[in-house]
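The values are calculated or read from the model by the stated rules, or taken from the named source; none is laboratory data. The structure presented is a predicted model; accordingly, all values stated were derived computationally and were not measured. In this analysis, Cβ positions are derived from the backbone assuming ideal geometry, glycine residues included, and neighbour counts consider all displayed protein chains.
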Amino acid sequence: MDILKAINLTKIYGEAETKVEAVKNASFTVSKGEFISIVGPSGSGKSTLLNLLGALDHPTSGKVYIDGRDIVTMREKELSVFRRRNIGFVFQAFNLVPELNVEENMMLPLLLDYKKPDRVYMNELLDILGLRERKHYLPNQLSGGQQQRVAIGRALATKPALILADEPTGNLDTKNSRDVIDLLKLSVERYNQTLIMITHNPNFASVADRVLNVEDGVVMELGGTAQ
């Protein structure tokens, strides 16, 4: 079952001499439970592509379907609710709320949606992420690796259709980076999550089921054909 489908996705910034095609006519599908990594040089269009897939940016043309829903035609209010319920984000910057503790940060998407957290599931996440003993800690009491674990927990809390990770290991040392990749892969295997991750690290990229390469806005599957 395809959880995501991109059709002729294009994003253009500027006009005439300042025109930049950040993403050029990209078409591909992602199956439920698949782990996709996106690689490519800096400025190639990777983050723009991820932002289009996550409805953080609007395409110039083309379509994006998530779980059968056309997100391009949604109005902003509907899109905001859909994004909160169906897409989990993990960024290079942890983006935690400094006044909230570990558990509260993880539950934030649910609380914003006026939903009661599943305590059994949340405790399971805290255990898997190694945060049970630190669930009452504030972000400034945690290491960078621990903060990124909280961000992963927040992304998983709503059991989203799709998790998008933009350089999730960018601010971490080698050991913590490996731990974060292992946790993301575990989330795919244990919860049948679908993960799309940007990385500059070829070793981390190779952990994925498939690798998409973005260069000058063109998306191609490594070992495959142009998308």
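Pairs are defined by a Cβ separation below 6 Å, a sequence spacing of at least 6 or placement on different chains, a first member in the stretch 1-13 that is closer than 14 Å to ASN192 by Cβ and touching a residue at least 40 places away in the same chain (Cβ under 8 Å), and a second member that is of a type in the set (Gly, Ala, Ser) and buried (at least 16 other Cβ atoms within 10 Å of the Cβ); the pairs so defined are ILE3/ALA161. Can you tell me which residue is nearest to ASN192 (Cα to Cα) among those in the stretch 35-50 that are out of contact with any helix residue (DSSP H, G or I) (no Cβ under 8 Å at 6 or more places or on another chain) and surrounded by 16 or more Cβ atoms within 10 Å (Cβ to Cβ)? Among those residues, the one meeting the criterion is ILE36.
Only one entry of LEU110, LEU126 meets the criterion of being at pLDDT 90 or above, touching a Pro at 6+ places or on another chain (Cβ under 8 Å) and buried (at least 18 other Cβ atoms within 10 Å of the Cβ), and that entry is LEU110. Given the criteria small (Gly, Ala, Ser), buried (at least 22 other Cβ atoms within 10 Å of the Cβ) and under 14 Å from the mean Cα position of the chain (by Cα), does ALA165 qualify? Yes; evaluated as a whole, the condition is true for this residue.
Residue-by-condition table, conditions (1) part of a strand (DSSP E or B); (2) in contact with a Ser or Thr (Cβ under 6 Å, 6 or more places away or on another chain); (3) among the hydroxyl-bearing types (Ser, Thr, Tyr):
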{"position": "MET122", "(1), (2), (3)": "no, no, no"}
{"position": "ASP127", "(1), (2), (3)": "no, no, no"}
{"position": "GLN147", "(1), (2), (3)": "no, no, no"}
{"position": "ALA165", "(1), (2), (3)": "yes, no, no"}
{"position": "LYS175", "(1), (2), (3)": "no, no, no"}
{"position": "ARG190", "(1), (2), (3)": "no, no, no"}
{"position": "HIS200", "(1), (2), (3)": "no, no, no"}
{"position": "VAL214", "(1), (2), (3)": "yes, yes, no"}
{"position": "VAL219", "(1), (2), (3)": "yes, no, no"}
